[in-house]
1. Could you tell me whether T415 is β-branched (V, I, T), under 16 Å from G369 (Cα atoms), touching a Ser or Thr at 6+ places or on another chain (Cβ under 7 Å) and touching a residue at least 24 places away in the same chain (Cβ under 8 Å)?
2. Suppose we keep only residues that are aromatic (F, W, Y) and within 28 Å of the chain's Cα centre (by Cα) within region 342-381. Which one would you say is nearest to G410 (Cα to Cα)?
3. Is it true that V245 is among the β-branched types (V, I, T), at pLDDT 85 or above and farther than 27 Å from P356 by Cα?
4. Does region 336-349 contain at least one residue that is under 20 Å from V245 (Cβ atoms), in the same structural domain as R301 (by TED's automatic domain parsing) and aromatic (F, W, Y)?
5. Out of R303, R269, report the one residue that is crowded, with 22+ Cβ neighbours inside 10 Å, under 16 Å from the mean Cα position of the chain (by Cα) and not in a loop (DSSP other than H, G, I, E, B).
6. Being out of contact with any Pro (no Cβ under 9 Å at 6 or more places or on another chain) and in a strand (DSSP E or B) is the filter here, so list the residues in region 115-148 that pass it.
7. Can you find a residue that is crowded, with 24+ Cβ neighbours inside 10 Å, farther than 29 Å from V403 by Cβ and not aromatic (F, W, Y) anywhere in region 240-259?
Amino acid sequence: MTTIKLRRGTTAQWQASNPVLAAGEPAFDITTGFIKMGDGETAWADLPSFLHEDAVAALIADSTTPTTVLRTGRSAPTSVTARALGRAINTGDTAALQTTRTSHTFVEDAVGLRVLVTGWGNGEGAQPGDLTVRAALEYAGVVTPFTFDGQQATTIAPGSHRVSDPLGVFVTAGSTGFLRAERSVAGGGSVLSTAALRASLGEGTATSTSAVYGAASGFSVVADENTPAWAPLAILADGSAGRSVAFFGDSLSNAQRDAVPEDGGYLLRAVSPDVGVLRLNGGGGTAGAFIGNGSGADSGRRRLALARHASYAWVEYGANDLNGGASLTTIQANLTRLWTALSLLGLPVWQSTITPWSSSSDGWTTVEGQTPYSKHPTRIALNDWIRTKPAPLTGFFEVADVVESERNSGKWALTDGAPAATDGIHPSGPTYAKIAAAIRPGVLSAFA
């Protein structure tokens, strides 16, 4: 059995060393009485803090003024923008230096903004090399640099992540700002694209070293709605109501085959612009790979550590698990493990029912021309099980019924007379919109 020594020190000592604690390694702050628990990847400053219940009682009893104690689930800054970066597509970008300017609408009043930067692409495929990163918030005509441990530049190693220091800027619900993020690679080399920029939002890129803190005119607006580029994962806030959701899922959650992929498929459409978003999904993923504690590109161990930066979880996994040949009991076990892990982080968890897969003799232009794929009976059983809300699931969103010709048919209904899925797997843009419109009232109620 591994022996772990309890480290202790003052707040100042912890801030100065800021170590990465081993998974399960506790750290005691003798100044505040808080304890942090390591995960093997996150620096001390970015870990959530815990206070023993006896210490909480003593703190309240001895206090002469009202004292606020943060619940564990809200001890981490959460996503506060409706713009969902992180639709990673792993396109190689060979520019030695590039700055992106992405638009963000704030879903609530917030202060203490932070930027979350990751060193991986789709799934958890690590960037090929170290990235040197600088970032700034452009808000109300003022550009304010983010810092990392007091420094404007930070290094993001492949597979790692960093959360910036809090920014003393107050933003209001419904307002829009721009996140500027510069990344450079020593000696050049390929960088994985982690976002798609949109011309309609005024998003763009620049290659000047002065762009990150300079005038907006230094950026060239992209030419379309789907320009691959590198960008951070999210804007977080220490002070906010905490209405945000983390997405976990496969290519449907990643908006595959959407007419404009950055519209976000049905998940993003269903919450935007009312709920903050944290994309922790990736094309091709499965619940089994995500929760399997592996180290491959589809493993979820890095993304799971970031789930605390949301207040709800929405899981869409299931289709690729079925197609990969997993049995019903295996899929149920893997989904339950994922739901449990998220619940232990303090997140209420919601699951989508699984949409059909089918082949077609006429390009999906009719229901009659479709044949459900071989895993269809298992999908029926899986959806029936999800609808029972097995513990610890909080609830489910009825997606399958919106798109099937009838419940459990395994065939896609037409969308306004047109094929709902031109490959039998991924919905079309209008179908994604149809799903979102149908479930949006329930989604907004769930994530209130």
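The values are calculated or read from the model by the stated rules, or taken from the named source; none is laboratory data. Bear in mind the structure is a predicted one, so any value in this text is a computation, not a measurement. Neighbour counts run over all protein chains shown; Cβ positions are idealised from the backbone, glycine included.
1. no
2. Ranking the qualifying residues of region 342-381, first place goes to W357.
3. It is false that V245 is among the β-branched types (V, I, T), at pLDDT 85 or above and farther than 27 Å from P356 by Cα.
4. Yes, the conditions are met somewhere in region 336-349.
5. R303
6. T132, E138, Y139, V142, V143, T144, P145, F148
7. The answer is yes, given that some residue of region 240-259 is crowded, with 24+ Cβ neighbours inside 10 Å, farther than 29 Å from V403 by Cβ and not aromatic (F, W, Y).
Here is a yes/no grid of residues against (1) over 15 Å from S103 (Cβ atoms); (2) not assigned by TED's automatic domain parsing to the domain that holds Y317:
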{"site": "R198", "(1), (2)": "no, yes"}
{"site": "G202", "(1), (2)": "no, yes"}
{"site": "G214", "(1), (2)": "yes, yes"}
{"site": "G218", "(1), (2)": "yes, yes"}
{"site": "E225", "(1), (2)": "no, yes"}
{"site": "A231", "(1), (2)": "no, yes"}
{"site": "A234", "(1), (2)": "no, yes"}
{"site": "D250", "(1), (2)": "yes, no"}
{"site": "S253", "(1), (2)": "yes, no"}
